[in-house]
Amino acid sequence: MTNIIQLKITLQEVKPPVWRRIMVQDDIDFYQLHQVIQTAMGWRNIHSFGFDLKDYYMSGSKDYEGNIEMEFSPYKSLVGLTQEERVQYIQKVKEYRSKEKLMINNFIKFEKQRIKYSYNFSYKWDHTLLVEKIIQPEEGKNYPVCIKGKRACPPDSINLEVRDAIGYMIICDKFLENPNSKNQQYFKEEYRKLYKRDFDPEYFNMDEINDKLEVLSL
């Protein structure tokens, strides 16, 4: 039976927080969850990504032809484990690797569970995924769906590189203090070209996000 997971996604270290609350079915794979996160947060899905699953790590990247390559890796030290525990862990890794796709319900099972999602390993935009609820689907309701959120993610572009949370917070502060400076004019123009709207650190449009989530057809 398919359950619905309510996740709160928070971009780490940025203040005030950038976050989204989404509801997503638990029978999707990790690439599909990545697509949902990218869409909800406002990223552009142009960099590698990874999920820290405590004892395992799931990462994804695009090859030269633009195809997604997913890699499942052991992430647990065998030091201190008994021989039986080592065997069980290795068998579990082999079992997961033998599957064509790994569904998120193999790993996301408990309320209050936390998972780290990283996007763009060069700048390491880390997110905390907090499992708030695991519930039955509501009849007639479409999933995935964003039900709440605040503020805009940093621009996801080579022309507007923002290397870390501090850099983004400085940009937001300077933009509010002096939006008409020469540097801010360049930033505003490039941002408008990329996103077809003016830069606003407080921007959050739930209807726009849900329209895009619907297009995913998960």
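The values are calculated or read from the model by the stated rules, or taken from the named source; none is laboratory data. In this text the structure is predicted, and so the values were computed from the model without any measurement. A quick note on method: Cβ atoms are made from the backbone with ideal geometry, for glycine too, and the neighbour counts reach across all protein chains shown.
Summary table below
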item	result
Yes/no for Leu102 being under 21 Å from Leu11 (Cβ atoms) and touching a residue at least 24 places away in the same chain (Cβ under 8 Å)	no
Pairs with Cβ under 8 Å, 6+ apart, first in the range 52-77 and free of Cβ contacts under 8 Å to residues at least 12 places away in the same chain, second of a type in the set (A, V, I, L, M, F, W, C) and surrounded by fewer than 13 Cβ atoms within 10 Å (Cβ to Cβ)	none
Residues of the range 104-121 satisfying the condition of being of a type outside the set (Val, Ile, Thr), within 15 Å of Phe30 (Cα to Cα) and surrounded by 15 or more Cβ atoms within 10 Å (Cβ to Cβ)	Asn105, Asn106, Phe107, Lys116, Tyr117, Ser118, Tyr119
Lone unmet requirement of (1) in contact (Cβ under 8 Å) with a residue 40 or more places away in the chain; (2) outside the structural domain of Gln32 (by TED's automatic domain parsing) for Arg192	(1)
Answer from Phe175, Phe204 - the residue that is assigned to a loop (DSSP other than H, G, I, E, B) and among the aromatic types (Phe, Trp, Tyr)	Phe204
Checklist (1) surrounded by 15 or more Cβ atoms within 10 Å (Cβ to Cβ); (2) closer than 24 Å to His47 by Cα applied to Lys124, failing item	(1)
Of all residues in the range 133-148 being loosely packed, with under 15 Cβ neighbours inside 10 Å and in contact with a strand residue (DSSP E or B) (Cβ under 9 Å, 6 or more places away or on another chain), the one that is nearest to Phe110 (Cα to Cα)	Lys133
Matching residues in the range 70-91 - criterion: being in contact with a strand residue (DSSP E or B) (Cβ under 6 Å, 6 or more places away or on another chain) and of a type in the set (D, E, K, R)	Glu71
Complete set of residues in the range 70-90 that are among the acidic types (Asp, Glu) and surrounded by fewer than 11 Cβ atoms within 10 Å (Cβ to Cβ)	Glu84
Among the residues listed as Asn142, Asn159, Asn180, the single one being over 19 Å from the mean Cα position of the chain (by Cα), part of a loop (DSSP other than H, G, I, E, B) and touching a residue at least 60 places away in the same chain (Cβ under 8 Å)	Asn142
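Here's the yes/no breakdown for (1) part of a loop (DSSP other than H, G, I, E, B); (2) among the hydroxyl-bearing types (Ser, Thr, Tyr):
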residue	(1), (2)
Arg44	yes, no
Ser59	no, yes
Glu65	yes, no
Phe72	no, no
Lys94	no, no
Phe110	yes, no
